[in-house]
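First the structure, in the form of structure tokens, and then the observations on it.
The values are calculated or read from the model by the stated rules, or taken from the named source; none is laboratory data. What you see is a predicted model; the values in this text were computed from it and never measured. Here the Cβ positions follow ideal geometry from the backbone for every residue, glycine too, while neighbour counts run over all protein chains shown. Note: accessible area is taken over every heavy atom of the protein model, side chains too, but ligands, DNA and RNA are not part of it. Shrake-Rupley method; radii C 1.70, N 1.55, O 1.52, S 1.80 Å.
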Amino acid sequence: EANLALISVPGDFAVSEARKALRQGLHAIIFSDNIPVESERALKEEARDAGLLVMGPDCGTAILGGVPLAFANSVPRGDIGIIGASGTGIQEVSCLIAQNGGGISQAIGVGGRDLSAEVGGITTLMAIDQLDADLATAHIVMISKPPAASVAERIAARIADSPKTFTVCFIGSDVPVLPSNAVAATTLKGAAMHALGGLEDQFGTTE
């Protein structure tokens, strides 16, 4: 009954293993790195056509159905979903949310290059679709290193079509103009606090 494959083999072999998983109807988390960006895009396009997620390459953190995978921490279940192109960002935000009384519905790692111009945010956009349909998710935190400007604009437009609220933390870059259902956070701590309701706590600020 498995619906997910976690792939951790040398990069030269990871693409073929991921493609095998997709063709068996499995979502794929690719822990492996050293995969050419053009191969990443091709895999993600194939997965999108099949209605499956490719998380990664170099995806080190995910929490799916309450199960922490790879380097994820064990945190309580809750109503906050995370979409992250930064595994350490997912780790920190999920732990801060847990430490301050919240919980995680799902945390979907997309790989550090997903929001690059070459990949185009394929998995991030699909992850928003998944969390939109997830009744357990009320709020979504999005974390990424600086995305390509064109991809950031595409993500903002997709957020505008979502019935859910968002906190967007593009670490080290300007956040594009966001729709009314989203707020920007400049730090991971700020993102966690906004997700918990924007309340000040021991960190002292929601920024």
Does at least one position in the stretch 10-26 carry a residue that is more than 28 Å from residue 168 (Cβ to Cβ), open to solvent by 60 Å² or more (accessible area, probe 1.4 Å), touching a strand residue (DSSP E or B) at 6+ places or on another chain (Cβ under 7 Å) and in a helix (DSSP H, G or I)?
-> yes
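For (1) assigned to a strand (DSSP E or B); (2) touching a residue at least 24 places away in the same chain (Cβ under 8 Å), each residue gets a yes or a no:
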{"site": "126", "(1), (2)": "no, yes"}
{"site": "137", "(1), (2)": "no, yes"}
{"site": "142", "(1), (2)": "yes, yes"}
{"site": "154", "(1), (2)": "no, yes"}
{"site": "157", "(1), (2)": "no, no"}
{"site": "186", "(1), (2)": "no, no"}
From the list 38, 92, which one is within 26 Å of residue 138 (Cα to Cα), assigned to a helix (DSSP H, G or I), of a type in the set (Asp, Glu) and open to solvent by 40 Å² or more (accessible area, probe 1.4 Å)?
-> 92
Given 129, 49, which one is more than 22 Å from residue 180 (Cα to Cα) and more than 11 Å from the chain's Cα centre (by Cα)?
-> 49
In the stretch 163-172, anything open to solvent by less than 40 Å² (accessible area, probe 1.4 Å) and part of a loop (DSSP other than H, G, I, E, B) is listed as 164
Search the stretch 21-46 for residues that are more than 18 Å from residue 62 (Cα to Cα) and pair each with any residue that is surrounded by fewer than 16 Cβ atoms within 10 Å (Cβ to Cβ) and polar (S, T, N, Q) when their beta-carbon atoms are under 9 Å apart and the residues are at least 6 apart or on different chains.
-> 25/3
Go over the candidates 76, 163, 176, 147 one by one and state the one that is in contact with a Gly (Cβ under 9 Å, 6 or more places away or on another chain) and without any contact (Cβ under 8 Å) to a residue 40 or more places away in the chain.
-> 76
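Considering only residues that are within 17 Å of residue 156 (Cβ to Cβ), open to solvent by 10 Å² or more (accessible area, probe 1.4 Å) and out of contact with any helix residue (DSSP H, G or I) (no Cβ under 9 Å at 6 or more places or on another chain), which ones fall in the stretch 127-139? Write out each step before concluding.
Initial filter on the stretch 127-139 (within 17 Å of residue 156 (Cβ to Cβ)): 127-129, 131-132, 139.
Filter again for open to solvent by 10 Å² or more (accessible area, probe 1.4 Å), leaving 129, 132, 139.
Of everything in the stretch 127-139, just one residue is within 17 Å of residue 156 (Cβ to Cβ), open to solvent by 10 Å² or more (accessible area, probe 1.4 Å) and out of contact with any helix residue (DSSP H, G or I) (no Cβ under 9 Å at 6 or more places or on another chain), namely 132.
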Taking the stretch 43-66 as the search range and keeping residues that are modelled with pLDDT of 95 or more and open to solvent by 40 Å² or more (accessible area, probe 1.4 Å), which one is nearest to residue 83 (Cα to Cα)?
-> 64
Go through the residues of the stretch 103-126 one by one and say whether even a single one is open to solvent by 10 Å² or more (accessible area, probe 1.4 Å), within 23 Å of residue 52 (Cα to Cα) and of a type in the set (Lys, Arg).
-> yes
Within the stretch 47-73, count every residue that is touching a strand residue (DSSP E or B) at 6+ places or on another chain (Cβ under 6 Å), closer than 13 Å to residue 6 by Cα and without any contact (Cβ under 8 Å) to a residue 40 or more places away in the chain.
-> 1
